[in-house]
1. Test each condition in (1) on the phi < 0 side of the Ramachandran plot; (2) facing chain A (nearest Cβ under 8 Å); (3) assigned to a loop (DSSP other than H, G, I, E, B) for B:Gly80 and report the one that comes out false.
2. Determine whether region A:85-105 contains at least one residue that is more than 14 Å from every other protein chain (Cβ to nearest Cβ), more than 30 Å from B:Pro46 (Cα to Cα) and assigned to a strand (DSSP E or B).
3. Hey, among B:Ser54, B:Ser16, which residue is away from every other protein chain (no Cβ under 11 Å), closer than 30 Å to B:Arg105 by Cα and either of a type in the set (Gly, Ala, Ser) or crowded, with 17+ Cβ neighbours inside 10 Å (or both)?
4. Mind checking whether some residue in region A:113-129 is more than 14 Å from chain B (Cβ to nearest Cβ), crowded, with 16+ Cβ neighbours inside 10 Å, modelled with pLDDT under 95 and assigned to a loop (DSSP other than H, G, I, E, B)?
5. Hey, any hits in region A:406-413 for a residue that's under 28 Å from A:Ser238 (Cβ atoms), surrounded by fewer than 21 Cβ atoms within 10 Å (Cβ to Cβ) and of a type in the set (A, V, I, L, M, F, W, C)?
6. Scan region A:724-745 residue by residue and report those that are surrounded by fewer than 14 Cβ atoms within 10 Å (Cβ to Cβ) and within 14 Å of chain B (Cβ to nearest Cβ).
7. Of the numbered conditions (1) at pLDDT 90 or above; (2) closer than 30 Å to A:Arg946 by Cα; (3) within 13 Å of another protein chain (Cβ to nearest Cβ), B:Gly235 fails exactly one; give the number of that condition.
8. Could you please give the count of residues in region A:922-966 that are on the phi > 0 side of the Ramachandran plot, modelled with pLDDT of 95 or more and at the interface with chain B (Cβ under 9 Å from one of its Cβ atoms)?
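The values are calculated or read from the model by the stated rules, or taken from the named source; none is laboratory data. Computed from a prediction, not measured in an experiment: that's the story for all the values here. Neighbour counts run over all protein chains shown; Cβ positions are idealised from the backbone, glycine included.
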Amino acid sequence: MDNETKQGRLDLDAIRAKLTGKSGKQYWRSLEQVAETEEFQLWLEDEFPHRRSLLDIDRRSFLKFMGASLAFAGLAGCRSVFMDQEKVVPYVKMPEEMVVGKPLYYASAIPLLGYGVGVLVEQHEGRPTKIEGNPDHPESQGSTSAIIQASILQMYDPDRSQVAMQGTDISTWEEFKKVILGVLTKQKAAAGAGIRILTETVASPLIADQIGDFLKMFPAATWHSWDATGRDNARAGSQGAYGKVVNTTYDLSKADVIVSLDADFLLGMPGSLRYARDFADGRRLEATGGKMNRLYQFESFPTITGASSDHRWAMKASEIGGVAAMIAGGLGLVPTAGEVPDHIQKVVADLQAHQGSSLVIPGDHQPAAVHQLCHAINEKLGNNGKTVLHGPRVDFGPENQLESLTQLTDALNQHKVELLLIFGANPVYTAPADLKFADALGKAKLKVRHGQYFDETSDKCDWHLPQTHFLEEWGDIRAYDGTVSLIQPAIAPLFDSKSQSEMLGILLGVPLSSYDALKNAYKTKLPGKKWDIALNSGVVENTTPGPVAISVTGAAPQIPAPVSGLEVSFRECPNIVDGRYANSGWLQELPRPLTKITWDNAIHMSPSKAQELGLQSEDHAEVALSTGEKIDGGVWVMPGHPKDAITIHLGYGRTKGGTIAEGAGFDVYPLRKSASMLYTGGATVKSLGGSYGLATTQIHHEMDGKDIVRSGTLAELKGNPTLQPEDYEKAEISMYPDEVFDYDGPQWGMTIDLNTCIGCNACVTACQAENNISVVGKDQVKRARELHWIRMDRYYVGGLDEPTETVHQPVMCQHCEKAPCEPVCPVGATVHSHEGLNQMVYNRCVGTRYCSNNCPYKVRRFNYLNFSDNQSQFMDVTFDAPTKQIGDKKFTIPGKVTQGKPHGIQLLKMLNNPDVTVRGRGIMVKCTYCVQRINDSRIEAKKQGRDIKDGEIVTACEQACPTRAIVFGNVADKESRVSKLRADKRSYLLLENLNTRPRTSYLGRVRNPNPEIKA
Amino acid sequence: MPQIFKPAANNYARASLIAGALAPLLIGPAIAALSRSPANTKVQVPLNQPIPFSHQHHAWELGIDCRYCHTSVEKSSYAGLPPTETCMSCHSQIWTNSPLLEPIRQSYETGTPIKWNLVNKTPEFVYFNHSIHVDRGVNCNICHGPVQNMHITFKGNSFQMAWCLQCHRAPERYLYQDKDHPELTPRQQVFNLYWKYQAGDKLTLRESEILNGEWEGDDNTQDMKEGKDLLAKYGVKVQQLADCSVCHR
């Protein structure tokens, strides 16, 4: 809701009644829609309700808004008369391979929670502007996730730490080196007994080797590692099953039946991009010949994996272990205790019918016992070596990170630590609350932190050293399956930062640049040309370990008892994970999957729980543990959430780490203790009165019409191949001529397959990166002014508490052949091209917004304010930025943004794609089918004297999509992929009865439920 | 009651009414003419540069091909401005002590690039691609004027949209083929014209007008017909050339 919405209390029983007992399928987006509140009607009729009328404004503001800035653009003669003469500045020595105007692509790898994903970095004139997937990498295969797309914003983040800090004083690396070498020399005598290293998950062979060398130099020192949402449980599970830690990966391309036990494997696990592709390939009806795999999802929080499943059961996180035990019992692995519900018996039967082609995946949020049991289950089903692959451990360092951190805290508390070196981790913010790590940290003699942001941990350390971003450094990293990729920079470090390997080099007394360190490490493995080939392809050959045949040796573990009463479940936020991406504007503004909340976390609960507590969405409530800790935040009523549980996301409420991170949401870590890292009981939730406004996009840009989403089961598809609803209405006869233009060139169109779209939001972020889309902030999102050109709509089908279906639908400009937006523009700023594009000509637009008013799909976005320049977080300069002159360099203090607006904006300007116009205030924007890419390919084809090949033009959204749900191409060519998909029976157009003749078509979503299981 | 307005006020009123009616009729065309005049478009107004680079000396007298310096004109949207290294490729051996070339030597030694004054520019909302124009046979001089005659570089044409459209809407007015060398591709023909000029060959009227920057498109029926044939031969999709998104994206 926006700031002026008067929130009436929703009657959940009435909503429930409206949803049950309906004949025919009803797709609903929000509770407000079903309740048909007055407020919702306003949002449906008017894109921006509660907008201010000009009559409300006072005279002064009126003049301010109406006074347009002088447009000097057309008056070239004014240059050098009263405007500065424009300069053009070439290089002094131009790099040989660079062609100004054409981007270069470099293969690299991004570390995501320790594991690497191969990417291609698009670089314009020496600055990286976009990240794409590396088609040759086993996980990425050319696609990316939202987090990978947003990582480029992090590199240009003005809040990143830029200088070495000693306490609150600016210092230099030279000063640090003097101090640290002195301390290390002293420690040598004690063989390093007082030294502790703390890292995050390390999957880089180079870093692991360097740490190993350090530990050889200081044998009494210890290496600890900590990740707030790491894979301790997976490691402990395999330890229990096999006596050693193995790396378990899944081959979903061979799986016909998949059971997921709280595993969000399509988005949140290492290898997710690969799993998403393989999973989608098993459901791509036109390719599989009508066959589909089947996914049973047991989950404790609605995820996109659950939305893509064929059967979904919501239950407490602590109850899922019981399901695992029942499945194991059904297979004869453990004695069955108690009655097994019918649906689980059917699931077991389905698994048994697919020996060797089934898969049971435990979620990382489940305790180790569940992982251990799943190893046994998969082995019993004959899946080992087929759908489940085991290999040697991929990451390095301590196996149990919680234990490791606890040991470190104990050592700190016993005053044993004289030198603590923290690489990247942020334990002051993310450590379990009972460890009281912040206090323990104070007891170390010298605390050194190496990280990208001056955050909560740096604040408590003696030294903070800035770390390079992966786009600025050399290194290596292993992917989810162990494949090694080299990390190569696309730009020299923007600030005075060094990479982890360089920092370790300093500590080892071998201060090599990261390039030299890497080259040295690969001297023998990649001699001569092989080094260049590895850098060019992004993958080091022969580093993928083959699967290992092993057998479960451990006894069946005891599943922990479920939490009685209300369960509080802690999960990492799908967007900002454990808080490390909290300062990313793109990720904060990206609507969270399913809830569509931006800029905040919430206390998620089921409708029945909300009714019981007398709460509804955006109420202010408090969660208190029986041991006294409490946190408060906004409530969110989530259909499909397990009944007797609440879920709260980690990563918010940060106190340091950048202007965006600070103050977004509420901190959940105070509730999380070492004994209850995943979930806890003994909690109460009560209303604090008042409201906590949440900016959610779920009711923004509603399409008022029918037949928006088509879905059905595989059985229904046989009887109704088009999945047409009963009230299907064909387009009426139009008085306009049928042909738009008489033109013999390509006609661009697009198809989106709802069956393979998982709603991961990679397309939304990729579009934002490619098209220079600005971040608008929470306040503007509340007014529906978010600028995302493509939005991910989410529809529920079924009852309020447990919707039977959740469907995702990405919607962008449909490029209608008979576009309603075109005839109404008074200045002709949106006209139709001969190739079928609905063009947006920014320089003509005067901002009447008539086009957006007329668009039935509500895909147009208006820049109400000057978002590209006026990033208000950089205008909140509270004091003059203190600077320090050291030698010939000038440094400014990092941390809370103290740089004046120009500095921050200049840095962010480097991120912009030079092929796309940066829009100011008063301009309408929308999806352009990536016209810059179309134009580029058209020109290249013309120069080479050939036609554009099918698949040559890839839009940003299409390129990012992990499941390849989006296909773009020439609809005039009957042999193109997009034409074939358009001709598919499942293909339909949005709001077809309006006769807009959109070029974007959708394929209906099909589920494959087990006919034996009653719905 | 005393009169507020003197009798002369009548004359003022009459005069201001007439002026008010005439003013738009005078000011309108005046502004239109002004905006099309060299005062605004800077056509044929030489622009001083930090180093007095002479195109006539380098391109005509020495015969250096345009692409020696403007290297990316056939590859990308941007024609390319030569880096200091390109200048030094000759001037490290020739005129090494000339005071006029001191800024270049300084730039090369200190690594500070030379800040040239921008002569040819389209507005920021225009995305112009050089490579496709060269590929289609649009000679450099057609847009940039008689560059090889310029001692001090000036803008060759107004680059106002109307000027671009007169070719984009009717490319047959500009397309031609060298009858002596019909085997040449349009791109080869662009540079072949310069070779002919350098060799002192006989040029057609059209060709010499192009080189002098006076060519404004052909309205001769026969030439237009030949132009149309060439359009068909090269597969130029004329209708699409005037689409907004071709230049404004």
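1. In the conditions (1) on the phi < 0 side of the Ramachandran plot; (2) facing chain A (nearest Cβ under 8 Å); (3) assigned to a loop (DSSP other than H, G, I, E, B), B:Gly80 misses (1) alone.
2. Yes, because at least one residue in region A:85-105 is more than 14 Å from every other protein chain (Cβ to nearest Cβ), more than 30 Å from B:Pro46 (Cα to Cα) and assigned to a strand (DSSP E or B).
3. B:Ser54
4. Among the residues of region A:113-129, at least one is more than 14 Å from chain B (Cβ to nearest Cβ), crowded, with 16+ Cβ neighbours inside 10 Å, modelled with pLDDT under 95 and assigned to a loop (DSSP other than H, G, I, E, B), which makes the answer yes.
5. yes
6. Correct list: A:Glu739, A:Asp742, A:Asp744.
7. Among (1) at pLDDT 90 or above; (2) closer than 30 Å to A:Arg946 by Cα; (3) within 13 Å of another protein chain (Cβ to nearest Cβ), B:Gly235 violates only (1).
8. Here the count works out to 0.
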